[in-house]
1. So in segment 143-170, with the set limited to residues that are open to solvent by 100 Å² or more (accessible area, probe 1.4 Å) and among the basic types (Lys, Arg), which one is nearest to residue 229 (Cα to Cα)?
2. So, of the residues in segment 179-233 that are of a type in the set (S, T, N, Q) and more than 16 Å from the chain's Cα centre (by Cα), which turns out to be most open to solvent (accessible area, probe 1.4 Å)?
3. On the given criteria, is residue 46 of a type in the set (Asp, Glu), crowded, with 16+ Cβ neighbours inside 10 Å and either farther than 24 Å from residue 13 by Cα or free of Cβ contacts under 8 Å to residues at least 40 places away in the same chain (or both)?
4. Look through segment 70-91, keep the residues that are in contact with a Ser or Thr (Cβ under 9 Å, 6 or more places away or on another chain) and open to solvent by 20 Å² or more (accessible area, probe 1.4 Å), and return whichever of them is nearest to residue 267 (Cα to Cα).
5. Can you find a residue that is among the basic types (Lys, Arg), out of contact with any strand residue (DSSP E or B) (no Cβ under 6 Å at 6 or more places or on another chain) and part of a strand (DSSP E or B) anywhere in segment 218-232?
6. Evaluate the following for residue 39: is it under 22 Å from residue 236 (Cβ atoms) and over 19 Å from the mean Cα position of the chain (by Cα)?
7. Could you say whether any residue in segment 49-62 is assigned to a strand (DSSP E or B), surrounded by fewer than 19 Cβ atoms within 10 Å (Cβ to Cβ), more than 19 Å from the chain's Cα centre (by Cα) and acidic (Asp, Glu)?
8. What is the number of the single condition among (1) surrounded by 15 or more Cβ atoms within 10 Å (Cβ to Cβ); (2) over 21 Å from the mean Cα position of the chain (by Cα); (3) among the acidic types (Asp, Glu); (4) within 21 Å of residue 113 (Cα to Cα) that residue 137 does not meet?
Amino acid sequence: RKSEISAIFKIQSALMQGMQEYLLNKEFLQVFTPCLMGVASESGAEVFEVDYYGKKAYLRQDPQLHRQLTILGGVEKLFDLGPSWRAEVSHTTKHLSEHRVIAPEIAFIKDEMDVIDVQEDVIISGLKKVNEKCKEELELLKVKIEIPKKPFPELRFPKVYDILEDFGKKLPKDEDLDTESMKLLGDYVKKEYKADYYFVNRFPSAIKPFYVMYVDEDEKYARSVDLNFNEVELSSGGQREHRYDKLIGHIKEKKLNSKNLEWFTKFFKYGAPPHGGFAIGIERLTKCILNIENIKETV
């Protein structure tokens, strides 16, 4: 009933409308993928275990493995819209145990730059729709939304380590970005590019899941891309590994049980197109564009 609160959800609705309109106009097929999985889809982040008729199942951390299989099934452009779960004990202003994502996947890409290109367009389309439909709500919340210009700045590893070192932050090689690093990179992009949105690309492959494609010329790094807004990560994605032998190699390297992942990997034996995608956190994006302090206000 409070107009400031309802304004948040009207804006979130317009944001989603703009993003979906862009994808549907580009002939992406909207699909719905399973939320219950027989195996955890990613290593690292904690998973919620559930009882599935006396067997163990898990709430998905990301809808992406099934999106990839849909690509292999002959759908060249698709997107999923739905919940994901992370059982990390992270009672912070930017984490949710249950969050929603809009998650496109695209076949026959050249490399991860094609994925970046679509992601820029999806964000721009969503923001334009908010400006068009929610003038009163933005006024009420005292927010002005600037439409970012393409291309968004892109920072790549290992140069990211050098940028951080210039700020006096010595991050060990092959280590993921921590909160302080994200803050410093956000400040750097603001100063150098006068931008809020930017990509971080080519993360160390050691810290990424098995399905991510490594850079063939230097396998220490992966074609793995995050979209950030200042110091907040909005999405992760990039190019997936579509070559069966490489995929199995990654699974062994990460000491995962290849039998448990056979439901996913076996289809790659018969050939798969180069493909990639991303998943944007809807609540995080809402939080960022409206300068809301706590993400729980966006749910």
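1. In the first step, residues of segment 143-170 are kept if they are open to solvent by 100 Å² or more (accessible area, probe 1.4 Å); the result is 144, 146, 149, 151, 159, 166, 170.
Keeping just the survivors that are among the basic types (Lys, Arg) gives 144, 149, 159, 170.
Values: 144: 15, 149: 14, 159: 19, 170: 22 Å.
Top of the filtered list is 149.
2. 179
3. Details: of a type in the set (Asp, Glu): yes; crowded, with 16+ Cβ neighbours inside 10 Å: no; either farther than 24 Å from residue 13 by Cα or free of Cβ contacts under 8 Å to residues at least 40 places away in the same chain (or both): yes.
Spelling it out, it is not the case that residue 46 is of a type in the set (Asp, Glu), crowded, with 16+ Cβ neighbours inside 10 Å and either farther than 24 Å from residue 13 by Cα or free of Cβ contacts under 8 Å to residues at least 40 places away in the same chain (or both).
4. 70
5. Step one: of segment 218-232, the residues among the basic types (Lys, Arg) are 220, 223.
When the remaining residues are screened for being out of contact with any strand residue (DSSP E or B) (no Cβ under 6 Å at 6 or more places or on another chain), the result is 220.
Those left that are additionally part of a strand (DSSP E or B): 220.
Yes: segment 218-232 contains one or more residues that are among the basic types (Lys, Arg), out of contact with any strand residue (DSSP E or B) (no Cβ under 6 Å at 6 or more places or on another chain) and part of a strand (DSSP E or B).
6. So residue 39 fits the description; yes.
7. So far as segment 49-62 goes, yes, one or more of its residues are assigned to a strand (DSSP E or B), surrounded by fewer than 19 Cβ atoms within 10 Å (Cβ to Cβ), more than 19 Å from the chain's Cα centre (by Cα) and acidic (Asp, Glu).
8. The single condition residue 137 does not satisfy is (4).
The values are calculated or read from the model by the stated rules, or taken from the named source; none is laboratory data. Just so it is clear, the structure is predicted and the values come from calculations on it, not from any experiment. Note that each Cβ is placed from the backbone with ideal geometry, even for glycine, and that neighbours are counted across all protein chains shown. Areas reflect the complete protein model, heavy atoms only, side chains present, ligands, DNA and RNA absent. Shrake-Rupley method; radii C 1.70, N 1.55, O 1.52, S 1.80 Å.
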